[in-house]
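A.B. asks: What follows is a structure written as structure tokens; I'll ask about it next.
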Amino acid sequence: MLFGALEAGGTKMVMAIGDENGRILEQRSIPTTTPEETMPQIIEYFKERLTEDGIKALGVGAFGPVDVVKGSPTYGHILNTPKLAWKGYDLAGTLEKALGIPVGLDTDVNGSCLGEMTYGCAKGLDTVVYITIGTGIGAGIAVNGKLLHGMLHPEAGHILIAKNSHDPGRSVCPYHDSCFEGLASGPSIEARWGKKAVELVDNKVVWELESDYIAKGLVNMILTLSPQKIILGGGVMHQEQLFPMIRSKVTTLLNDYYTTKELMDMENYIVPASLKDDQGIMGAVRLAQLAWEEA
């Protein structure tokens, strides 16, 4: 059985076809511009695959904030996004009307979390945190086997963390002067040091500070959510030297207050994304499967 998958990102839209085992059979990406320019291309791509043996449902992992609460009058709409052309746009409704098939929707990071839980390193676990650290910081969270929504969806990139006294930079978040995203995202690194993260690989001071902030953010999530595994993805986490530093600092910050078998094995507790950067699109395939089963 075939399913459509859309990873709707702020920079690009990734469209794919996958099967019930999560295998990606084909994939294409286009720039994210305006709905008027972008959506007709997406609709055309999936319409061409609505044959008798074609896709049965579509899964969408969308940039946010997006209304993921079914029954809400704005379910499926992009909400108060800085991408002003998309503000208030009915993403799920537009796709469902144009294609005539079930559409499953969640945030892009929840989709990545679902991808890792279904096909990746978190398979078999029911309480997992997936964090992407790149242009922004976002978290996908599953608790007791279900993706967390609540009032809306997690915005754990904006949890407040203490700024280090020796930090020469400032928060780049327009809303908070001391939040996770404002102090540890890719734009924060660039604003603080005057270079992109990839140009600072050998600067130990950069990564000591970055790992401090990431460790603080993770400890807050460990003590609040008690996840069985934490997965770190996104462009900043391609700096693999961060992982041992983060693990060590999380252990120090917890200070033996919270002890579990998972925390005794940090190398398998705080881990990189395992699906070769396809966790988001594979999660969207699973969202499509779930929409098909619920229809």
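A.B. asks: Within the group 214, 222, which residue is more than 12 Å from residue 184 (Cβ to Cβ), assigned to a helix (DSSP H, G or I), open to solvent by less than 10 Å² (accessible area, probe 1.4 Å) and not aromatic (Phe, Trp, Tyr)?
C.D. replies: After applying the criteria, what remains is 222.
A.B. asks: Specify which of the listed residues (190, 199) is among the acidic types (Asp, Glu) and under 22 Å from residue 165 (Cβ atoms).
C.D. replies: 190
A.B. asks: Still on this structure: With 78, 24 as the choices, which residue is closer than 15 Å to residue 288 by Cα, at pLDDT 95 or above and of a type in the set (Val, Ile, Thr)? Outline the logic, then answer.
C.D. replies: On the way: 78 fails: closer than 15 Å to residue 288 by Cα.
Going through 78, 24 in turn, the sole match is 24.
A.B. asks: Which ones in the stretch 169-184 are closer than 20 Å to residue 80 by Cα and either of a type in the set (Phe, Trp, Tyr) or open to solvent by less than 40 Å² (accessible area, probe 1.4 Å) (or both)?
C.D. replies: Passing the criteria: 173, 175, 179, 180, 182.
A.B. asks: Anything in the stretch 20-38 that is touching a residue at least 40 places away in the same chain (Cβ under 8 Å) and either crowded, with 17+ Cβ neighbours inside 10 Å or in contact with a strand residue (DSSP E or B) (Cβ under 7 Å, 6 or more places away or on another chain) (or both)? List them, or say none.
C.D. replies: Result: 22, 24, 27, 32, 35.
A.B. asks: Could we say that residue 272 is open to solvent by less than 90 Å² (accessible area, probe 1.4 Å) and free of Cβ contacts under 8 Å to residues at least 12 places away in the same chain here?
C.D. replies: No; evaluated as a whole, the condition is false for this residue.
Conditions (1) open to solvent by 50 Å² or more (accessible area, probe 1.4 Å); (2) in contact with a strand residue (DSSP E or B) (Cβ under 9 Å, 6 or more places away or on another chain); (3) part of a strand (DSSP E or B), marked per residue:
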position	(1), (2), (3)
53	yes, yes, no
57	no, yes, yes
60	no, yes, yes
73	yes, no, no
81	no, yes, no
85	yes, no, no
98	no, no, no
116	no, yes, no
130	no, yes, yes
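The values are calculated or read from the model by the stated rules, or taken from the named source; none is laboratory data. Here the structure is a predicted model, which means the values were calculated and not measured. Cβ coordinates were reconstructed from backbone atoms using ideal geometry, including for glycine residues, and neighbour counts include every protein chain displayed. For accessibility, only protein heavy atoms count, side chains too; no ligands or nucleic acids. Shrake-Rupley method; radii C 1.70, N 1.55, O 1.52, S 1.80 Å.
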